[in-house]
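Have a look at the structure below before the remarks.
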Amino acid sequence: MASVLSLGSNLGDRRANLRSGLDVIGARVAVRAVSPLYETAPVGVTDQPAFLNCVAIVDTDDPLVAWSAATAAEETRGRLRSGRWGPRSLDVDVIAVDAVVQDDARLTLPHPRAHERAFVLRPWLDVDPNASVPGRGPVWRLLRDLPAAGVTAVQW
């Protein structure tokens, strides 16, 4: 019974933003594991600084609790939603909550693009080698099947 959260930051003190986000999340739900940090190129809007990314496994099987913790973490770092794929002091996505599959106005599970993103899959594999994206398959296989350029762009 766990949720997978992906954290990313490319503005200001990126490490401090991630650390602060994890602290806020940890005040709401127990943090079971945190991956190493990876530096990654931005997706979508590419003329912005590189991101630091990590994945956290937290103890909740309630999608709204996971979403609430993610949102609270973003708010503490002054997240502004100025545009899709733009720069972020802190971005926290709920990637998966156990095997839950849902599509509602607030939260789609699993995250609709998680299976395409090495910056989610690589750190997730570090904290859970047996992880699987509901409806998509094992994380190791999804990562293996991504284009090599996308995978090598994720630097530990």
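Quick look at the numbers
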| read-out | value |
| --- | --- |
| The one condition in (1) in contact with a Gly (Cβ under 6 Å, 6 or more places away or on another chain); (2) over 28 Å from residue 129 (Cβ atoms) that residue 76 fails to fulfil | (1) |
| Residues of the range 98-121 that turn out to be within 14 Å of residue 57 (Cα to Cα) and of a type in the set (Lys, Arg), as a count | 0 |
| Counted residues, the range 23-40 - those being buried (at least 16 other Cβ atoms within 10 Å of the Cβ) and in a loop (DSSP other than H, G, I, E, B) | 3 |
| Criterion: out of contact with any Cys (no Cβ under 7 Å at 6 or more places or on another chain), at pLDDT 95 or above and exposed (fewer than 15 other Cβ atoms within 10 Å of the Cβ) - qualifying residue of 59, 104 | 59 |
| Sole residue being surrounded by 17 or more Cβ atoms within 10 Å (Cβ to Cβ) and either closer than 25 Å to residue 155 by Cβ or modelled with pLDDT under 95 (or both), chosen from 65, 43, 94 | 94 |
| Among the residues listed as 20, 9, the single one being over 22 Å from residue 98 (Cβ atoms) and surrounded by 20 or more Cβ atoms within 10 Å (Cβ to Cβ) | 9 |
| Residue in the range 8-21 that is farther than 22 Å from residue 127 by Cβ and free of Cβ contacts under 8 Å to residues at least 40 places away in the same chain present | yes |
| Boolean, residue 31 is on the phi < 0 side of the Ramachandran plot and out of contact with any strand residue (DSSP E or B) (no Cβ under 9 Å at 6 or more places or on another chain) | no |
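The values are calculated or read from the model by the stated rules, or taken from the named source; none is laboratory data. Everything numeric here is computed off the predicted structure, so don't read it as measured data. Virtual Cβ from ideal backbone geometry, glycine too; neighbours counted across all protein chains shown.
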